[in-house]
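Participant: Once you've had a glance at the structure underneath, I'll fire off some questions.
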Amino acid sequence: MASRVSQIGEGFTFVDAGAGTGMLTAALCDRIGSISTPRRITAWLYETDPNVRPVLQQTLRECRAALAAAGHHLDATVLEEDFVLHRPGAPLFAPASRSEYADVVIMNPPYAKLEKDSPQARAFAEIVHGQPNAYALFMAAAVDLLRPGGELVAITPRSFCNGLYFREFRRWLLARMSLRHIHVFESRRAAFKDAQVLQENIITTAVKQTERTPEVMLSVSHGAEMDHAKWSSCAAATMIDDSAGHSVIRLPTASSDFAVMRAIESWSDSFDERGLRISTGPVVAFRAAEYLLDSAEHPDAVPLISMHNIRPFVTAWPVAKGTKPVALRASHGAASLVLPARNYVLLRRFSSKEERRRLIASPYLPNAEERRRPVALENHVNYVTHTSRELTEDEVRGLVALFNSDLFDRYFRVVSGSTQVNATDIRVMPFPDLQSVSRVGKRVAEIACSDRDAIDSCVRTSLGVLSPPSHVPSEARA
Ligand SMILES: C[S@@+](CC[C@H](N)C(=O)[O-])C[C@H]1O[C@@H](n2cnc3c(N)ncnc32)[C@H](O)[C@@H]1O
């Protein structure tokens, strides 16, 4: 992260936000130590945890001594204040001292959900939508502290790059900062074993300026071994997708991703615009506890479909010897929890770490007997319908094949680093017309669902996408 800082002038001011024991400061000082002409360094370190401060002070003593020995001067101050709340206008960064705004903010901020009405969230109300996360507020506060042309280097979860919760934040950030480099840790497990960070992490380097740098550097490593990273670049106009007003930051880390993006983005309409709707199953287990049944034998029982019932291409219900409720008692009070038994596409809202693909879909195609009683879908399941009519069987099979395909999996990975499947990401996704979907459905009906390669190839040829995506995600390889 210290090596991402592009310029260290004769007088250099940096901020380490959430400094902990001062590792990032030490790394930056180490880098400065190798510069041959003298530097005057001013550092502001924000840290609220009194337990780490003695170690932080010790780190600073060592940094001062090492820099002095190399002919530099370090003036470092630890601020025991909340970084998000300590904004310009406060005495340190009063407007009169604008030139003292930081050249660089470097940070490994806390990753924690905050209350919507916490003082930190209220300080940045304009970028908060839903439940805010401390790391995004740290990034926003850093932008405020940077001088024009100053640089932010932040290691954070990738989750701010897509999804509705961070949309206002992305718009706000990208209106003020130009992305220069993003490093992706492809494995959610390898880089941060101790911290139990389960989503993809990235290091973002961005410059405070309103015009976008045309090319953004991208690098990717499996885990922490960044020296072996694979480098590429991506046009900012390709990386930042403003088409639906969501300013999604896409990360095409494999060379074949560009072909996947071109293929999918050649469809002019989105999932929504094709008349499709994605909704979340209404049954929240703990709220519906009184209606849940362990057996489907009860006279009022209707099938309860949960995430574990959704296997690629197959809705496996009921699952033998499961410990989870299998049915719902469709009594009067449970009317809002059931849906008419129609043709649906079921899509898991989360994929487990062991799954090869992020999107896992199955068909729900009730026969005449099954249509006599409704069906209940659990809250970790998304279901797809048509806004004005029932989906045909071919459309359902086609949509299931699309969602389960390598093509869609790769596209989804470019857009999202999370194992969570946000309905918003699906809604804005470019989508083929329903005739083509139907054609895919007819063709895949003749292929065994275990033959994934044949299905992938059938999806591509039916949609006229010729080059097969060759990238196999390394977690799948592992
Ligand atoms: C993920 S740790 C990173 C520590 C260090 N920068 C590193 O990379 O090893 C985040 C640090 O931020 C501190 N912190 C949490 N909330 C803070 C706040 N509102 N203001 C300042 N520091 C905070 C925590 O005490 C913790 O030491």
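Participant: Can you name the helices (runs of 4 or more DSSP H) wholly within region 372-457 that have at least 1 residues being closer than 20 Å to residue 317 by Cβ and either in contact (Cβ under 8 Å) with a residue 12 or more places away in the chain or among the β-branched types (Val, Ile, Thr) (or both)?
Facilitator: The qualifying helices (runs of 4 or more DSSP H) are 393-404.
Participant: Can residue 13 be described as of a type outside the set (A, V, I, L, M, F, W, C), within 25 Å of residue 180 (Cα to Cα), away from the ligand (no atom under 11 Å from the Cβ) and touching a residue at least 12 places away in the same chain (Cβ under 8 Å)?
Facilitator: Against the criterion (of a type outside the set (A, V, I, L, M, F, W, C), within 25 Å of residue 180 (Cα to Cα), away from the ligand (no atom under 11 Å from the Cβ) and touching a residue at least 12 places away in the same chain (Cβ under 8 Å)), residue 13 qualifies.
Participant: Among the residues of region 287-333, how many are touching a Pro at 6+ places or on another chain (Cβ under 7 Å) and either assigned to a loop (DSSP other than H, G, I, E, B) or surrounded by fewer than 16 Cβ atoms within 10 Å (Cβ to Cβ) (or both)?
Facilitator: 5
Participant: What are the residue pairs meeting all of these: first residue in region 301-327, first residue over 18 Å from residue 379 (Cα atoms), second residue assigned to a loop (DSSP other than H, G, I, E, B) and of a type in the set (Val, Ile, Thr), Cβ atoms under 6 Å, and 6 or more apart or on different chains?
Facilitator: That search, which allows pairs on different chains as well, returns 312/360.
Participant: Please work out which residue is farthest from the ligand (Cβ to nearest atom), limiting yourself to region 99-154 and to residues that are under 24 Å from the mean Cα position of the chain (by Cα) and of a type in the set (Lys, Arg).
Facilitator: Checked region 99-154; the qualifying residue farthest from the ligand (Cβ to nearest atom) is 116.
Participant: Continuing with this model, one more query. Can you report the number of residues in region 288-302 which are closer than 21 Å to residue 372 by Cα and either aliphatic (A, V, I, L, M) or at pLDDT 95 or above (or both)?
Facilitator: 5
Participant: Shifting gears a bit: Quick check on my filter: what residues within region 54-75 are under 35 Å from the mean Cα position of the chain (by Cα) and crowded, with 18+ Cβ neighbours inside 10 Å?
Facilitator: Listed by number, the residues that qualify are 56, 59, 60.
Participant: Still on this model: Taking residue 154 as the residue in question, decide whether it is crowded, with 20+ Cβ neighbours inside 10 Å and not in a strand (DSSP E or B).
Facilitator: So residue 154 fails the test.
Participant: Looking only at residues in region 239-275 that are assigned to a helix (DSSP H, G or I) and within 11 Å of residue 414 (Cα to Cα), which one is modelled with the highest pLDDT?
Facilitator: Among them, the one singled out is 239.
Participant: Under 8 Å by Cβ, and 6 or more places apart or on different chains, what pairs join a residue from region 334-349 that is buried (at least 19 other Cβ atoms within 10 Å of the Cβ) with one that is assigned to a helix (DSSP H, G or I) and among the charged types (D, E, K, R)?
Facilitator: Hits for this filter: 341/370; 341/371; 341/372; 343/393; 343/395.
Participant: Go through 48, 42 for me and flag whichever is touching a helix residue (DSSP H, G or I) at 6+ places or on another chain (Cβ under 9 Å) and within 26 Å of residue 206 (Cα to Cα).
Facilitator: Just a single option satisfies the conditions, and that option is 42.
Participant: From the list 28, 45, 24, exactly one residue is hydrophobic (A, V, I, L, M, F, W, C), free of Cβ contacts under 8 Å to residues at least 60 places away in the same chain and either assigned to a strand (DSSP E or B) or within 16 Å of the ligand (Cβ to nearest atom) (or both). Which is it? Give the steps one after another, and end with the answer.
Facilitator: Details: 28 fails: free of Cβ contacts under 8 Å to residues at least 60 places away in the same chain; 24 fails: free of Cβ contacts under 8 Å to residues at least 60 places away in the same chain.
The conditions single out 45.
Participant: Continuing with the same structure: Before we move on, is residue 19 near the ligand (Cβ under 9 Å from one of its atoms), buried (at least 16 other Cβ atoms within 10 Å of the Cβ) and either modelled with pLDDT of 95 or more or over 18 Å from residue 102 (Cα atoms) (or both)?
Facilitator: So residue 19 passes the test.
Participant: I need the full set of residues from region 458-478 which are at pLDDT 85 or above, surrounded by fewer than 17 Cβ atoms within 10 Å (Cβ to Cβ) and part of a helix (DSSP H, G or I), in order please.
Facilitator: Listed by number, the list holds a single entry, 461.
The values are calculated or read from the model by the stated rules, or taken from the named source; none is laboratory data. Note that the structure is a prediction, hence the values are computed from the model and not measured. Neighbour counts run over all protein chains shown; Cβ positions are idealised from the backbone, glycine included.
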